[in-house]
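The values are calculated or read from the model by the stated rules, or taken from the named source; none is laboratory data. Everything quoted here is computed from the prediction, not taken from an experiment. Note: ideal-geometry Cβ built from the backbone for every residue, glycine included; neighbour counts use all protein chains shown.
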Amino acid sequence: MEAKEFADIMNTITFNVSENDLQVYGRDYIRDLESSYRIRKRNQGPPKEPTDPLLSLISGYDTSRLEIGAITFNKVIRQDGHYYYFGRCEADDLVIEKSTGHVLLKMYAKDHILNSCASNSSKFLDALFIAASYLAQFPIGADVSKEEDVCVVSAQCAVVAGGETHINFYKMLLGCYE
């Protein structure tokens, strides 16, 4: 999936909001939650866009409010000799390995890889859309880890991301504890 396609399709996701959710959380909280899935094009001139879908997403769109489970995105891309740093999963860094294009979860402030997330950026965006769509269907505050199909959806995300080597990341993201 390319950056524009991801932004467009994320903007179509709707949340399962009940009347009880409105009473408990309030409209402002619900509006903030819904806006966390909305991606807007940045107002800027025509800079040279990176060819990598994730790097294009971060540089061409405002992803500063985008939050999918424990995943957030940086306002700007950082880099060192080995990685592009584009986001976080809880306290750890989401990176693209420059030499392979693999998307990885790297321990914060350490050179230790915790999980492999996808074989490339395009597949990562595909898997993230599946995860985001799945999470959005539940009432606010629901414990998704108790859902029967959470492990099935984790496996679907892993397959789309490039295979079984990515399963642990999606189990962690969605809460599959089998």
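Scanning the stretch 120-178 for residues that are of a type in the set (K, R) and either under 20 Å from T72 (Cβ atoms) or touching a residue at least 12 places away in the same chain (Cβ under 8 Å) (or both) turns up K123, K171.
The set of residues in the stretch 160-178 that are buried (at least 17 other Cβ atoms within 10 Å of the Cβ) and of a type in the set (V, I, T) comprises V160, I167. Which residues, counting only those in the stretch 91-120, are within 20 Å of L174 (Cβ to Cβ) and either at pLDDT below 95 or of a type in the set (G, A, S) (or both)? Answer for the stretch 91-120, where residues must be within 20 Å of L174 (Cβ to Cβ) and either at pLDDT below 95 or of a type in the set (G, A, S) (or both): A91, S116, A118, S119. T100 falls short on exactly one of the conditions (1) hydroxyl-bearing (S, T, Y); (2) within 16 Å of the chain's Cα centre (by Cα); (3) surrounded by fewer than 17 Cβ atoms within 10 Å (Cβ to Cβ), and that condition is (2). As a summary of the residue check, T100 satisfies the conditions (1) in a helix (DSSP H, G or I); (2) under 17 Å from H166 (Cα atoms) except for the one numbered (1). Note on the stretch 116-132: residues that are assigned to a strand (DSSP E or B) and crowded, with 21+ Cβ neighbours inside 10 Å amount to 2.
When the stretch 133-149 is limited to residues that are assigned to a helix (DSSP H, G or I) and farther than 22 Å from G163 by Cα, the one that is farthest from the chain's Cα centre (by Cα) turns out to be K146. The set of residues in the stretch 1-28 that are free of Cβ contacts under 8 Å to residues at least 24 places away in the same chain and under 17 Å from L135 (Cα atoms) contains only T12.
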